[in-house]
Protein chains: 2
Amino acid sequence: MVKYSVHALTRTFAALADPTRRRILDDLGRGERCVTDLARPHRMSLPAVSKHLRVLERAGLIRRHRCGRVHSLKLEAKPMKAAQEWIEQYRRFWEESFDRLDDYLNELKTKEKNEAKKKQI
Amino acid sequence: MVKYSVHALTRTFAALADPTRRRILDDLGRGERCVTDLARPHRMSLPAVSKHLRVLERAGLIRRHRCGRVHSLKLEAKPMKAAQEWIEQYRRFWEESFDRLDDYLNELKTKEKNEAKKKQI
């Protein structure tokens, strides 16, 4: 199995394990935003949003620029690459399980057809 | 952006946000194991391993079979598919940033070559 920085992976997955933080990343996927713009759709207090932003910053998933008193935030997707590669190792397992489900459904269909034929005879 | 079950994604990412749980999944990727076999390489107490196994079970990432008094565990990778697809949406961002790094390194190489040429003249 591929080796990655254990701590970086843990920080990335932990940062993604929250719906508000994932929505913030979605928002930043549409372009840079300032902190107040990010807080508005989540109906959250600025301190609450700031807490989530710190988690995302520590994971290296966003970068903060200061333009005077305004903090502007930008998406930094690089850490997601390692997370994606880690999960990718398991693709054959979920594809196998979907194949098994397909086989089972095909088997059911064949049985149904055979039953229908028997009834016709 | 693609829609997934918010809670399921949160549970999956939270389950992956721990190095011991990721190693347990690695172990199970090599085949079914019983709880004591899983605990051994991590030098952890059975209750500590059981706590991690419960998190993985709740996320649907492992399945437990009971053969009498022995609990055997199996990897269930299906929930990882949604996690992988969620991250995949950001691929263009990390690829863009690696492209920018490539451009910068090529620029540096060209500069170095030009400098070397000037010195030769």
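Note on chain A: with charges restricted to the Cβ of Lys and Arg (+1) and Asp and Glu (-1), its dipole about the Cα centre is near 540 debye. Here's how it looks for residue A:76: its modeled amide H is under 5 Å from those of A:62, A:63, which are all 5 or more places away or on a different chain.
Taking other C-beta atoms within 10 angstrom as a stand-in for reagent exposure, A:51, B:78, B:109 fall in the order B:109, A:51, B:78, fewest first.
Contact order, relative form, for chain B: 25 percent (alpha carbon pairs under 8 Å, 6 or more residues apart, mean separation divided by residue count).
Put the Cα centre of segment B:54-80 next to the Cα centre of segment B:26-51 and the gap is 11 Å. In terms of other Cβ atoms within 10 Å, A:86, B:94 run from fewest to most in the order B:94, A:86. Between amide H atoms placed 1.01 Å from N, distances below 5 Å from residue A:71 occur with A:35, all of them 5 or more places distant or on a separate chain.
With θ taken as phi - 60° and the Karplus curve 6.51 cos²θ - 1.76 cosθ + 1.60 applied, the whole-hertz 3J(HN,Hα) list for segment A:53-65 is 5, 5, 4, 5, 5, 4, 7, x, 8, 9, 10, 9, 10 Hz, x standing for glycine and proline.
With 27 Å as the limit, the listed pairs A:51/A:78; B:51/B:74; A:117/B:78; A:113/B:74; A:118/B:78; A:78/B:81 have A:117/B:78; A:113/B:74; A:118/B:78 beyond it between alpha carbons. Taking other residues whose beta carbon is less than 15 angstrom from the beta carbon of residue B:115, and scoring Lys, Arg as +1 and Asp, Glu as -1, yields +4.
Each copy carries residue B:85; placing its label point 7 Å along the C-beta direction from Cα gives inter-copy distances of 2.5 nm, listed from smallest up. Across the identical copies, the label point of residue B:102 (7 Å from Cα in the Cβ direction) is separated from its matches by 3.2 nm, in order from shortest. Each other copy holds its own label point for residue A:69; taking that point as 7 Å from Cα along Cα to Cβ, the gaps run 7.1 nm, nearest first. Between the listed residues B:12, B:61, A:68, the Cα displaced farthest toward the positive end of the dipole of the protein assembly as shown, a dipole computed from Cβ unit charges relative to the Cα centre, is found at A:68.
Since every read-out is calculated from the coordinates, none of them should be taken as a lab result. All values derive from a computational prediction rather than experimental measurement. For neighbour counting, all protein chains shown are included, and Cβ atoms are generated from backbone atoms with ideal geometry for every residue, glycine included.
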